[in-house]
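A.B. asks: Structure provided below as structure tokens; questions to follow.
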Protein chains: 2
Amino acid sequence: MLCPCAPELPWSFASPLVYPQETLMGKYGEEAKLIYELQDQGGELLALRYDLTVPFARYLAMNKITNIKRYHIAKVYRRDNPAMTRGRYREFYQCDFDIAGQFDPMIPDAECLKIVHEILSDLQLGDFLIKVNDRRILNGVFAVCGIPESKFITTCSTIDKLDKLPWEEVKNEMVGEEGLSPEAADRIGEYVQLHGEHCGVEPLASFLQAGQAGPVTQGCKQENAQGEEPVSVGSVAGGGRYDGLVGMFDPKGRKVPCVGVSIGIERIFSILEQRVKASGEKIRTTETQVLVATPQKHLVAARLKLISELWDAGIKAEMLYKKDPKLLKQLQYCEDTGIPLAAIVGEQELTDGVVKLRDVATREEVDIPREKLLEEIRRRLEP
Amino acid sequence: MLCPCAPELPWSFASPLVYPQETLMGKYGEEAKLIYELQDQGGELLALRYDLTVPFARYLAMNKITNIKRYHIAKVYRRDNPAMTRGRYREFYQCDFDIAGQFDPMIPDAECLKIVHEILSDLQLGDFLIKVNDRRILNGVFAVCGIPESKFITTCSTIDKLDKLPWEEVKNEMVGEEGLSPEAADRIGEYVQLHGEHCGVEPLASFLQAGQAGPVTQGCKQENAQGEEPVSVGSVAGGGRYDGLVGMFDPKGRKVPCVGVSIGIERIFSILEQRVKASGEKIRTTETQVLVATPQKHLVAARLKLISELWDAGIKAEMLYKKDPKLLKQLQYCEDTGIPLAAIVGEQELTDGVVKLRDVATREEVDIPREKLLEEIRRRLEP
């Protein structure tokens with residue numbers, strides 16, 4: 001879960017959290033107003049990491065890395081007004097995957113999409129849609145529609161709102177606020193409302209064929225538990241190329257092409273939480289496989305010896321932190337927390353050289369010779 | 001690797017990195033001068049997390065958690081002068097394990113020691129020594145030696161220096177700077193220079209018997225590659241009880257007894273790095289098991305299809321991000337990066353429905369029918 005780094009470098013430098021303010025300046029355009037700026041007790045002007053992309057690009061440039069693939073899950077900071085009811089905080093997690101290097105077109109891009117597809121599928125979030133576009137096509141469309149180049153970026157931001165607003169409102173903004181001619185806006189409208197079934201990106205198509213995946217997509221629709229209309233929850237991932245960013249940090253301006261995706265991990269968690277709540281399903285909060293229990297007093301040493309053996313064998317085991325807990329309390333704990341097996345050692349079991357293995361669900365108990373215990377536990381834990 | 005938290009709470013609140021300054025005040029004694037204090041652009045007085053213990057205690061108090069066990073690996077901050085040659089930075093990782101709750105004495109404490117023992121053993125750092133003590137014994141020793149209670153804490157800090165200084169210098173400090181009588185200092189000297197072979201902590205002894213572990217210990221000695229004298233590298237872990245800390249954050253002062261250990265993960269990394277350097281051993285930087293390769297042009301789709309299958313089967317696979325890489329280059333990449341297997345699909349293999357599986361070390365190649373490929377790869381990857 002840590003950003004990798006070249007072994008000859010002090011690894012804690014891979015992606016620091018606190019930067020000199022100037023490092024982050026000029027990298028975020030209009031969003032810069034949300035950078036969390038700070039001054040320390042020595043008067044140094046600092047800023048907290050705003051995302052994971054700019055720190056990654058700076059890291060590549062500083063360490064002259066021209067070829068890397070990595071993921072990074074970490075906190076970022078925004079000086080925004082916290083809106084807790086909407087799950088917006090000043091501190092939150094981002095979860096990024098990026099590929100940097102001079103590679104043949106579209107192969108790393110396709111891998112990024114494949115990974116998003118895999119994550120959203122594996123998490124069983126319901127149906128989702130990945131939208132693929134190429135800014136060069138959009139720029140081409142703008143040029144064909146007669147938009148001056150100076151207005152490309154603002155027009156693009158306005159078009160982004162099509163996710164939330166109907167075309168008419170978007171058009172009004174283009175004409176009213178940005179001063180486009182109504183004819184130009186209408187021409188844009190024809191293009192941006194087109195929807196393609198097929199994706200022209202050859203490596204991507206191969207991936208999707210290989211995975212028998214359906215339409216290509218971004219954003220996520222969640223079907224609720226009652227099987228009613230799918231609920232749209234907005235975008236849960238986004239990404240793209242940033243071929244110029246590393247060059248901004250390199251003294252000689254050397255470029256390293258990059259492509260990456262960011263997974264909206266907190267939004268995904270809130271979808272999963274809603275789903276769990278709606279289903280009434282009980283989610284285990286630990287992965288404990290075996291509770292080591294004793295039925296009589298003065299057996300704490302026997303419990304510790306057994307739990308050590310299980311831990312050494314890689315079995316996830318727990319015991320109550322009481323010297324002489326009641327057996328009933330120990331079994332109740334298994335039921336409350338969903339631990340499937342109890343391994344019970346009492347005086348009789350110690351004498352006989354066995355452990356009583358109890359299936360918590362069926363309450364069936366069998367004496368297992370000590371030397372066969374690990375094998376038997378493993379057998380029962382098999383899926 | 002994230003701190004767990006109660007599901008009903010916004011999870012990003014579990015252990016924030018930036019705190020109001022007052023939250024951290026009064027928790028660190030003399031060390032407080034190293035807290036990294038900040039003022040944000042709105043004038044709020046903030047501080048960066050100084051360790052993981054105080055945030056953990058605050059989290060328990062705020063969420064009324066009386067019973068939890070967790071580990072947490074994360075960055076902490078010190079406003080110290082960075083000394084990069086000695087591996088000291090303002091930003092570094094801590095790696096903590098803690099057990100909180102009202103439990104029978106010594107059982108959680110013993111588990112903490114067991115875990116330290118396990119970590120240091122598994123990492124094969126060489127011989128190490130865990131020192132176990134009880135502050136109440138030390139306080140008793142001080143009382144017996146006639147030290148006034150007001151001087152317990154400073155005397156204790158001075159005694160801590162015995163790791164680095166000879167007894168005579170420590171004694172001089174006690175007498176000269178702290179104003180203890182030479183007789184009292186000598187009496188302390190008799191006690192603190194005692195070394196016990198046996199550990200009186202019963203659960204701990206059981207654990208260590210169970211694991212056939214040797215002497216009880218803290219700190220780590222590294223044997224260098226030439227088999228010369230062991231090199232002492234100082235302490236790599238530390239810990240203890242902090243039964244009063246949670247109460248400092250609870251409005252009603254409710255206490256939650258806690259015990260924990262902190263692993264000096266960056267120091268351990270530097271020991272491991274030194275060892276690797278000294279041995280000349282080559283460490284793989286990826287876990288890739290299979291390189292998917294093609295021997296002719298125009299086969300990128302075949303590579304993507306095969307790599308998708310491998311990924312879906314949980315096999316760690318990679319391919320070069322080139323449309324038409326030379327076969328030699330692909331095989332060279334395996335040798336350079338230590339990938340043990342290459343799965344090669346060419347025109348002939350596609351026609352025959354096979355994949356050529358190459359053992360990179362022996363250079364032996366065998367055609368495997370497509371439907372048996374996953375099974376064969378798994379068989380070869382078995383340890």
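A.B. asks: Provide the percentage of antiparallel DSSP beta bridges, counting only those with both residues in region B:290-381; round to the nearest 5.
C.D. replies: Within region B:290-381, antiparallel bridges account for around 60 percent of the total.
A.B. asks: Choose one of A:LEU165, A:ALA143, A:VAL192: the residue whose Cα lies farthest towards the positive end of the charge dipole of region A:137-193 (beta-carbon charges +1 Lys, Arg; -1 Asp, Glu; about the Cα centre).
C.D. replies: A:ALA143
A.B. asks: Which one, B:GLY253, B:LEU327, B:ILE271, is farthest towards the positive end of the dipole of region B:253-383 when Lys and Arg carry +1 and Asp and Glu -1 on their Cβ?
C.D. replies: It is B:GLY253.
A.B. asks: From the label point of B:LEU194, set 7 Å from Cα along Cα→Cβ, how far away are the matching label points in the other copies, in nm, ordered shortest to longest?
C.D. replies: 8.8
A.B. asks: Please go through the residue pairs B:LYS69/B:LYS161; B:LYS33/B:LYS64; A:LYS323/B:LYS252; A:LYS297/A:LYS322; A:LYS282/A:LYS372 and name each one whose alpha carbons sit more than 21 Å apart in this structure.
C.D. replies: With Cα atoms farther than 21 Å apart: B:LYS69/B:LYS161; B:LYS33/B:LYS64; A:LYS323/B:LYS252; A:LYS282/A:LYS372.
A.B. asks: For B:PHE128, what residues show an amide H to amide H distance below 5 Å, using hydrogens built from the backbone and excluding near sequence neighbours?
C.D. replies: Sorted by chain and number, the residues that satisfy this are B:LYS221.
A.B. asks: Taking amide H positions as placed in the peptide plane 1.01 Å from N, state which residues far from B:VAL354 in sequence (5 or more) or on other chains have amide H under 5 Å from it.
C.D. replies: For B:VAL354, the qualifying residues are B:ARG370.
A.B. asks: Let me ask you something else. Other chains near B:303-314: what is the mean number of their Cβ atoms within 10 Å of each residue's Cβ?
C.D. replies: The shielding value for this peptide is 4.
A.B. asks: Then there's this: How large is ³J(HN,Hα), in whole Hz, for each residue of region B:175-188 in order, when computed from phi with the Karplus curve 6.51 cos²θ - 1.76 cosθ + 1.60 and θ = phi - 60°, using x for Gly and Pro?
C.D. replies: Per residue, the Karplus-derived 3J(HN,Hα) values read 7, x, 8, 9, x, 6, 6, x, 5, 4, 4, 4, 5, 4 Hz.
A.B. asks: Oh, and also: Could the peptides A:91-100, B:342-351, A:346-355 be put in order, highest first, of the mean number of other beta-carbon atoms found within 10 Å of their residues?
C.D. replies: A:91-100, B:342-351, A:346-355
A.B. asks: Region A:150-182: which GluC sites (Glu not before Pro) are DSSP loop and have at most 11 other beta-carbon atoms within 10 angstrom?
C.D. replies: Passing sites in region A:150-182 are A:GLU177.
A.B. asks: With a/c under 1.5 counting as rounded, go ahead and sort region A:137-193 into rounded, prolate or oblate using the C-alpha gyration tensor (a ≥ b ≥ c being the square roots of the eigenvalues; past the cut-off, prolate if a/b is larger than b/c, else oblate).
C.D. replies: rounded
A.B. asks: Still on this structure, please answer the following. Order of A:TRP311, B:TRP167 from fewest to most other C-beta atoms within 10 Å?
C.D. replies: Ranking A:TRP311, B:TRP167 by Cβ neighbours within 10 Å, fewest first, gives B:TRP167, A:TRP311.
A.B. asks: Tell me the relative contact order for region A:137-193 as a rounded percent, counting alpha carbon contacts under 8 Å between residues six or more apart.
C.D. replies: Dividing the mean separation by the residue count of region A:137-193 yields 38 percent.
A.B. asks: Right, next: Assign one of three labels to region B:84-160, namely rounded, prolate or oblate, based on the Cα gyration tensor with a ≥ b ≥ c the square roots of its eigenvalues; rounded applies when a/c is under 1.5, prolate when it is not and a/b is larger than b/c, and oblate otherwise.
C.D. replies: Verdict is oblate for region B:84-160.
A.B. asks: Enumerate the calculated ³J(HN,Hα) couplings along region A:99-111 in order (Karplus 6.51 cos²θ - 1.76 cosθ + 1.60, θ = phi - 60°), each rounded to whole Hz, writing x wherever the residue is Gly or Pro.
C.D. replies: Going residue by residue, I get 10, 10, x, 7, 10, 5, x, 6, 5, x, 4, 5, 5 Hz, with x marking Gly and Pro.
A.B. asks: What is the fewest-to-most order of A:SER308, A:SER270 by other Cβ atoms lying within 10 Å of their Cβ?
C.D. replies: Listing A:SER308, A:SER270 from fewest to most nearby Cβ atoms yields A:SER270, A:SER308.
A.B. asks: Give the long-range amide H neighbours of B:VAL256: residues separated by 5 or more places, or on another chain, with amide H under 5 Å away, using H modelled in the peptide plane at 1.01 Å from N.
C.D. replies: B:VAL246, B:GLY247
A.B. asks: Can you list the distances in nanometres, one decimal and ascending, from the B:GLY244 label point to the identical position in each other copy, with the point 7 Å along Cα to Cβ?
C.D. replies: Nearest first, the other copies' label points are 5.9 nm away.
A.B. asks: For A:MET25, B:MET106, what ranking results if the residue with the fewest other Cβ atoms within 10 Å of its Cβ goes first?
C.D. replies: In increasing order of surrounding Cβ atoms, one gets A:MET25, B:MET106.
A.B. asks: Using θ = phi - 60° and the Karplus form 6.51 cos²θ - 1.76 cosθ + 1.60, what ³J(HN,Hα) does each residue of region A:326-337 get, whole Hz, x for Gly and Pro?
C.D. replies: For region A:326-337, the Karplus curve yields 5, 4, 4, 5, 5, 6, 4, 4, 4, 5, 5, 9 Hz.
A.B. asks: Grab the other residues whose beta carbon is less than 13 angstrom from that of A:PRO325, score K and R as +1, D and E as -1, and report the net.
C.D. replies: So the environment of A:PRO325 carries a net charge of +3.
A.B. asks: About its Cα centre, how strong a charge dipole does region B:290-381 have in debye, to the nearest 20, once Lys and Arg get +1 and Asp and Glu get -1 at the Cβ?
C.D. replies: Using only the charged Cβ atoms, the result is roughly 260 debye.
A.B. asks: Also: Compute the label-point distances linking A:GLY42 to its equivalents in the other copies; points lie 7 Å from Cα along Cα→Cβ; give nm, one decimal, shortest first.
C.D. replies: For A:GLY42, the other copies' label points sit at 2.8 nm, shortest first.
A.B. asks: Using the Cα centre of region B:290-381 as origin and beta-carbon charges of +1 (Lys, Arg) and -1 (Asp, Glu), tell me which of B:VAL354, B:PRO369, B:LEU341 is placed farthest towards the positive end of the dipole.
C.D. replies: B:LEU341
Coordinate-derived values only; no laboratory data. Keep in mind that what you see is a predicted model, and the values were worked out from it rather than measured. No Cβ is skipped: glycine too gets one built from the backbone with ideal geometry, and neighbour counts run over all protein chains shown.
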